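S.K.: Next up is a structure, given as structure tokens.
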Amino acid sequence: MHRLELVNRELQTWFGVDFTYWDGETGEMMRAAEMQPPGDENFLSPMVRAVAAKKKPEIIAEQAVACILALPLAMDSVTVIATSPFLTGDCYESEDEYQGLARLLGTTPERAAAWTREQHSWTTQSLERMARLQLSKLSVDEEARRLTNEIDKISDSLSSTYEEISLLYGLTQNLRISSSDEQLGDLALNWLLEVLPCEGLAIQFLPTGDDNVSSKGRRETKTLSVGVCPLEAQQLSHLVQHLNLGEKGAPFVANQRITAREEWPFPKVRQLIVVPLAEGDNIFGWIMAFNHCENKGFGTVEASLLSSVGAILGIHSGNIELYRQQSEFVTSVVQALTSAIDAKDPYTCGHSDRVARLSVCLARQMGQDTDSLNLLYMAGLLHDVGKIGIDDSVLRKPGRLTDAEYEHIKLHPELGYNILKGLKQIEKVLPVVLHHHEQWDGKGYPYKLKGADTPLLARITAVADAYDAMSSDRPYRKGMPEEKVDAIFREGAGHQWDPAVINAFFAARDELRDILSEERAEIRFDVRDWLK
Ligand SMILES: [Fe+2]
């Protein structure tokens, strides 16, 4: 119900009449009373303006049998004046006497006479007292109404703050390096669409990484969107270019003041917030909110929320990028070391790569998980890295080794261990490098470990290593025939080698044979990239 109606009903209850309402500023009549003569407009208009200025109830006109009461009412930001005539004396005896009252009431003498007959008589003092009481009650009501509105607003704001905190908390719960930035971006967009009063949202991830073909960075711009996104992927890039946000980290907000201009090139975009996904000086992309649902302007509340999400996504992208760079660095180191081993011992070129693949095949046969397969692959590539420290004359000797030469070559597991031990990122391969020449019966080296004391991945590598060594041709001898290799393994199971690994060897015999005949492949450290 309109506020004026509510006030009128209230005044009617107290005074028993309905009132006429005036604009306190202009003195114009806003609403005439239905049951009462409204009064003479020309006469009353300046009077109500004076009452509005004084802000006090007042009897603004008085005549022998009646008066007009004026009440100033504060309504939001304007003052409205309520007026009504009241009978204050006895009725006149003849109609001629009603001329003056009729003028005051703005009606005919007949109607003025009829009016006096319907009225209860008041004293001016009781009218004024009632007016003061009524005004103070209305002002209390008004204050209560204002406080209720305030509480509603605070409650709305609290509930939206709660939603925002939940959203940010949810995002931080997903800040794992294993979640891709696109997965996290997708999550953020869907949550934001529920919280922000916008029609659509988009994220544009910029390419990362370098031109190196083996780099796993993002090669092309990637766009995600939810809701009604008014621009295509390519237009989003134009938008960012057009806004010339470049290196700036602050959120950019455009409302109709900007978008209504003739030179604004994206007519479907009425309101817009653009925030960078930034970590330090690095910008990994942009998150954008489009078009306010109620066509209002976006404000600081929306911009700050989007900024917080942009910062979280930026930090996550920064971490992923750092992790990628580290992984690629480790890959390069391992590749360099593998090339160094091959260069040192050209007779066995490709041995490390084959041992790595054979080990993965055996481990997979034994039910090892992907992390172990990845580790074993890297360990296979590096297992003989210690040979870099062995004399060329011994390593490349075509014939049989002397005892002293054999003792020298037996140093390579420990040499390898010492070469790699400072590299934190690949420390997990150290047990394989150190123990790949131990034997099940304890007759191996360097520590003569027995049975399961030798780490499982080293026991697996030992079988892969022996299989490749026996099967491959050397300049001074041909590779052994398959039957002989198999016979040696059967004989050696439970003596030189772990019987469980030998079982896996025979179970995966065909696949292992295929690996030996394969061309040397590109090094790819995530076995999921090349395992079928
Ligand atoms: Fe070795």
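S.K.: Could you work out the percent of alpha carbon pairs in the range 3-146 separated by over 21 Å, rounded to a whole number? Could the numbers behind the result be given before it?
M.R.: On the way: 4028 of 10296 pairs.
Distances greater than 21 Å cover 39 percent of the Cα pairs.
S.K.: Scan the range 1-87 for trypsin sites (Lys or Arg not before Pro) in coil per DSSP, keeping those whose Cβ has at most 14 other Cβ atoms within 10 Å, and list them by number.
M.R.: Numbers: sites: Arg3, Arg9, Arg31, Arg49, Lys54, Lys55; in loops: Lys55.
The qualifying sites are Lys55.
S.K.: Right, next: Which whole-angstrom value gives the distance between the alpha carbon centres of the range 348-421 and the range 159-211?
M.R.: 46
S.K.: So what are the ³J(HN,Hα) numbers for the range 28-44, from phi and the Karplus equation (6.51, -1.76, 1.60; θ = phi - 60°), rounded to whole Hz, Gly and Pro as x?
M.R.: In residue order, the calculated couplings are 7, 6, 9, 7, 8, 5, 8, 9, 10, x, x, x, 7, 5, 4, 6, 7 Hz.
S.K.: State the three equivalent ellipsoid semi-axes of the chain, derived from the C-alpha gyration tensor as the square roots of 5 times its eigenvalues, in descending order and whole Å. Can you show the working numbers first?
M.R.: Working: eigenvalues 1910, 101, 57 Å².
Largest first, the chain gives 98, 22, 17 Å.
S.K.: With r defined as the distance between the Cβ atoms of Glu150 and Cys91 and R0 fixed at 51 Å, what FRET efficiency is calculated, to the nearest 0.05? Provide the component values of the computation, followed by the final result.
M.R.: Numbers: r = 50 Å, r/R0 = 0.98.
Computed FRET efficiency for Glu150 and Cys91 comes out at 0.50.
S.K.: Using a cut-off of 10 Å between beta-carbons, work out the net charge of the residues near Ser45 (Lys and Arg +1, Asp and Glu -1, Ser45 not included).
M.R.: Numbers: positive: Arg49; negative: Asp23, Glu28, Asp40, Glu41.
Computed value for this residue: -3.
S.K.: Can you tell me which lysines have their Cα less than 23 Å from the Cα of Lys153? Leave out same-chain residues fewer than eight positions away.
M.R.: Lys296
S.K.: Based solely on its DSSP helices, what 222 nm [θ] is calculated for the chain when runs of n ≥ 4 H residues each add -39,500 (n - 2.57) and the sum is averaged over all residues, nearest 500 deg cm²/dmol? Could you put the intermediate results ahead of the total?
M.R.: Values: 19 runs with 268 residues, N = 532.
Helix contribution divided over all residues of the chain: -16500 deg cm²/dmol.
S.K.: Okay, next question. How big is the range 344-437 by the Kirkwood estimate over distinct Cα pairs, in Å?
M.R.: For the range 344-437, inverting the mean 1/r across all distinct Cα pairs yields 14.0 Å.
S.K.: Starting from the Cα-Cα distance between Val195 and Lys450, subtract it from 0.36 nm times their residue separation and give me the gain in nm to one decimal. Mind dumping the intermediate values first?
M.R.: Numbers: separation 255, 0.36 × 255 = 91.80 nm, distance 6.26 nm.
Going from the current span to full extension adds 85.5 nm.
S.K.: Cα axis of helix 124-173 to longest principal axis of the chain: angle in degrees, 0 to 90, nearest 10?
M.R.: The helix 124-173 is inclined about 10 degrees to the chain.
S.K.: Collect residues whose amide H, placed 1.01 Å from N in the peptide plane, falls under 5 Å from the amide H of Gly494; neighbours closer than 5 in sequence don't count.
M.R.: Here nothing satisfies the definition.
S.K.: Still on this structure, I have one more. Take Leu411 and Val394, extend 7 Å from each Cα along the Cα→Cβ direction, and tell me the distance between the two endpoints in nm.
M.R.: It works out to 0.6 nm between the two label points.
S.K.: Right, here's the next one. Around Glu414, what is the net charge, scoring Lys/Arg as +1 and Asp/Glu as -1 over all other residues with Cβ under 14 Å from its Cβ? Display every interim value, and only then the final one.
M.R.: Details: positive: Lys387, Lys410, Lys421, Lys448; negative: Asp384, Glu407, Glu438.
Residues close to Glu414 contribute a combined charge of +1.
S.K.: For Tyr323 paired with Glu294, estimate the spin-label separation in nm (one decimal), with each label point 7 Å from Cα along the Cα-to-Cβ line.
M.R.: Between Tyr323 and Glu294, the simple spin-label model gives 4.1 nm.
S.K.: Run the Debye formula on the Cα coordinates of the range 345-529, all scatterers equal and no solvent, and tell me log10 I(q)/I(0) at q = 0.11 1/Å.
M.R.: -0.45
S.K.: Could you order the peptides 180-186, 307-313, 397-403 from most to least packed, using the average number of other C-beta atoms within 10 Å per residue?
M.R.: On the way: 180-186: 18.7, 307-313: 22.0, 397-403: 10.0.
For the peptides 180-186, 307-313, 397-403, the packing ranking is 307-313, 180-186, 397-403.
S.K.: What distance in nm separates the two pseudo spin-label positions at Asn374 and Glu232, each 7 Å out from Cα along the beta-carbon direction?
M.R.: Taking the two extended label points, one gets 3.8 nm.
S.K.: Across the range 408-483, what fraction of all alpha-carbon pairs, as a whole percent, falls in each successive 5 Å bin from zero upward?
M.R.: Spelled out per bin, shortest first, that is 3, 15, 21, 20, 18, 13, 6, 2, 0.
S.K.: Once amide H atoms are built 1.01 Å from N in the peptide plane, which residues 5 or more positions from Arg396, or in another chain, come under 5 Å H to H?
M.R.: none
S.K.: While we're looking at this one, here's another question. Determine the sum of side-chain charges near Met29: Lys and Arg each +1, Asp and Glu each -1, restricted to other residues whose C-beta is under 9 angstrom from that of Met29. Present the calculation step by step, with values, prior to reporting the outcome.
M.R.: Numbers: positive: Arg31; negative: Asp23, Glu28, Glu41.
My count for the surroundings of Met29 gives -2.
S.K.: So what is the relative contact order for the range 458-532, in percent, with contacts set as C-alpha pairs under 8 Å and at least six apart? Walk me through the numbers before you get to the answer.
M.R.: Working: 30 pairs, mean separation 18.4, N = 75.
For the range 458-532, the relative contact order is 25 percent.
S.K.: Let me ask you something else. Please list, in order along the range 502-516, the HN-Hα scalar couplings obtained from phi with the Karplus expression 6.51 cos²θ - 1.76 cosθ + 1.60 (θ = phi - 60°), rounded to whole Hz, x for Gly and Pro.
M.R.: Working through the residues one at a time gives 5, 4, 4, 4, 6, 5, 10, 3, 5, 5, 5, 4, 4, 4, 4 Hz.
S.K.: Any idea what the relative contact order of the range 345-529 is, in percent, if you count C-alpha pairs under 8 Å spaced at least 6 apart? Walk me through the numbers before you get to the answer.
M.R.: Numbers: 253 pairs, mean separation 48.0, N = 185.
Relative contact order comes out at 26 percent.
S.K.: How far is helix 482-492 tilted, in degrees, relative to the longest principal axis of the Cα atoms in the chain, given as a value from 0 to 90 rounded to the nearest 10?
M.R.: Roughly 80 degrees, rounded to the nearest 10.
S.K.: Percent relative contact order of the chain, based on C-alpha pairs within less than 8 angstrom and at least six residues apart?
M.R.: Numbers: 782 pairs, mean separation 40.3, N = 532.
RCO, the chain: 8 percent.
S.K.: By a straight-distance test (C-alpha under 20 Å), which lysines pair with Lys137 as possible cross-link partners, with residues fewer than eight away in the same chain excluded?
M.R.: Lys54, Lys55, Lys56
S.K.: What's the extension gain from Arg528 to Ala343 if we count 0.36 nm per residue and subtract their Cα-Cα distance? Present the calculation step by step, with values, prior to reporting the outcome.
M.R.: Working: separation 185, 0.36 × 185 = 66.60 nm, distance 2.83 nm.
The Arg528-Ala343 span can extend by a further 63.8 nm.
S.K.: So, by mean Cβ neighbours within 10 angstrom, what's the order for 293-299, 283-289, 437-443 with the highest one leading? All intermediate terms of the calculation are to be shown ahead of the outcome.
M.R.: Details: 293-299: 12.0, 283-289: 25.6, 437-443: 18.4.
Descending mean neighbour count gives 283-289, 437-443, 293-299.
S.K.: Straight distance only, please: which lysines reach the Cα of Lys450 with their own Cα at less than 20 Å, same-chain residues fewer than 8 apart left out?
M.R.: The reachable lysines, counting only those whose Cα sits under 20 Å from Lys450, are Lys410.
S.K.: Using alpha carbons only, how many degrees (0 to 90, rounded to 10) separate the axis of helix 456-471 from the longest principal axis of the chain?
M.R.: The angle comes out at about 50 degrees.
S.K.: Okay, next question. Please state, rounded to one decimal and in Å, the Kirkwood hydrodynamic radius that the range 66-181 gives when every pair of distinct Cα atoms enters the mean of 1/r. Each step should come with its number before you reach the end.
M.R.: Details: mean 1/r = 0.0510 Å⁻¹.
In the range 66-181 this quantity evaluates to 19.6 Å.
Coordinate-derived values only; no laboratory data. In this text, all values refer to a predicted model and were calculated from it rather than measured experimentally. Cβ sites come from the backbone with ideal geometry, for glycine too, and all protein chains shown count toward neighbours.
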